[in-house]
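Here the structure comes first, spelled out in structure tokens, and everything after it is commentary.
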Amino acid sequence: MRSDLIALISRLVAIDSVNPSLVAGGAGETEIAGFIAAWAHEAGLEADLLEETAGRPSVLVRARGTGGGRTLLLCGHIDTVNVEGMTDPHAPRVDGDRLYGRGAYDMKAGVAAALLAAREAARLGLAGDLVVAAVADEEHASLGVQEVLRAVHTDAAIVTEPTELEIAVAHKGFVWSEVRVTGRAAHGSRPHLGVDAIVKMGPVLTALGALDEALGARQHPLLGRGSVHASVIDGGVELSSYPAHCVLALERRTLPGERGADVERELAALLDRCRAADAELDAEQRTLLVREPFEIDQGAELVSVVRAAAADVLGQAPRIGGVSYWADAAFIAAAGIPTVLFGPGGAGAHATEEWVSLSDTEAVARILIGVAAGLCA
Ligand SMILES: [Zn+2]
């Protein structure tokens, strides 16, 4: 399996699939989705392209069962982030156990493991289907997974993002938000006419720091604390004028149990406290994007099936943990589908040097086959 795996990851890494919503002129998923569909057909599997948004296709690869069994979905994204600062980002290179290249770790190795598992599952004569969703746009707006969830029915799902061979049963969510403070523009020599919007943002920033400190009091056993930080601030026009506007973009990372609406209330209360201290503060808040957190009960059947299959391959049961990053798992779980994340180890997601462990990826492929045999029999 190792040589097939190296060949497949290398082909996937060699295809530029930078997300065009993140980087103007990015290649998108057309070529890589076409490659995966052709690979699947050659492997005797069914493959369908989903492309509601032009240039942003996802692929559904299906190892069809004999009928009457449960369906397992393996989901991985095929887009990558930018390649800035990398030398030969799309020239895969193997060095010992490591395969280097943009997307190797996040997460073309996980996609390759899922595809090889599907090819093997087709030979096992399982009753249920094994479906691989190779999805577009996870790094931006998750167009792909949302389209997939409208197209497939499944009984369980594994997102093969890199988890260092841990079964991840939770990840954080996030809320992007904007606070706009309005002042009044005036000539710098006429303080009686001006209202300094940037200075008035000061107490809002201080309150944000206090909120972050308060969030530290609540700990999730697998994910640690929630947090809030200022991301981008903008205001003012020139040195000799009072600034009429100051706009702060911020990010709140949420724990399971904290919904987007809760964060809106939290920020509204924060601004109320600032207004109570400054009757002239003109500030408003709006939510830009909500991505909910994810958590599955550790007692769920899927968790024990993955644990057992992993113990078979690894010789010991893997750790159960959480990952700090957000993933498509949240969308799948929100559709009522039991979901975990499970994938290989490596390093350099979104960094200038990225690699994945080949032995881990091979173990993941074998474990996925074991899970399919357990769930789809
Ligand atoms: Zn990823």
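Of the strands (runs of 3 or more DSSP E) entirely within segment 35-111, those holding at least 3 residues that are over 24 Å from Val306 (Cβ atoms), in contact with a Lys or Arg (Cβ under 9 Å, 6 or more places away or on another chain) and in the same structural domain as Val356 (by TED's automatic domain parsing) occupy 46-50. Taken together, the criteria place Val228 among residues that are among the β-branched types (Val, Ile, Thr), modelled with pLDDT of 95 or more and assigned to a strand (DSSP E or B). Criterion applied to Val175, Val169 was being closer than 28 Å to Ala309 by Cα, more than 16 Å from the ligand (Cβ to nearest atom), assigned to a strand (DSSP E or B) and in contact (Cβ under 8 Å) with a residue 60 or more places away in the chain, and the one residue passing it is Val169. State whether the residues of segment 352-369 include one that is assigned to a loop (DSSP other than H, G, I, E, B) and either within 16 Å of the ligand (Cβ to nearest atom) or not hydroxyl-bearing (Ser, Thr, Tyr) (or both). Checked segment 352-369: at least one residue is assigned to a loop (DSSP other than H, G, I, E, B) and either within 16 Å of the ligand (Cβ to nearest atom) or not hydroxyl-bearing (Ser, Thr, Tyr) (or both). Considering Val111, Val23, Val59, Val81, the condition of being touching a helix residue (DSSP H, G or I) at 6+ places or on another chain (Cβ under 6 Å) and aliphatic (A, V, I, L, M) is satisfied by Val59 alone. Looking only at residues of segment 285-340 that are part of a loop (DSSP other than H, G, I, E, B) and of a type in the set (A, V, I, L, M), we find that the one that is surrounded by the most Cβ atoms within 10 Å (Cβ to Cβ) is Ala327.
Residue by residue, here is whether (1) more than 16 Å from the ligand (Cβ to nearest atom); (2) open to solvent by less than 20 Å² (accessible area, probe 1.4 Å) holds:
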site: Leu72; (1), (2): yes, yes
site: His77; (1), (2): no, yes
site: Met86; (1), (2): yes, no
site: Tyr105; (1), (2): no, no
site: Arg119; (1), (2): yes, no
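I'd like the residue in segment 121-155 that is part of a helix (DSSP H, G or I) and over 22 Å from Glu51 (Cα atoms) and, out of all such residues, is farthest from the ligand (Cβ to nearest atom). This residue is Arg123. Pairing each residue of segment 336-350 that is on the phi < 0 side of the Ramachandran plot with any residue that is more than 13 Å from the ligand (Cβ to nearest atom) and open to solvent by 40 Å² or more (accessible area, probe 1.4 Å), provided the two are 6+ apart or on different chains, yields C-beta distances under 6 Å for Gly345/Glu164.
The values are calculated or read from the model by the stated rules, or taken from the named source; none is laboratory data. Quantities reported herein were computed from a predicted structural model and do not represent experimental measurements. A quick note on method: Cβ atoms are made from the backbone with ideal geometry, for glycine too, and the neighbour counts reach across all protein chains shown. Areas reflect the complete protein model, heavy atoms only, side chains present, ligands, DNA and RNA absent. Shrake-Rupley method; radii C 1.70, N 1.55, O 1.52, S 1.80 Å.
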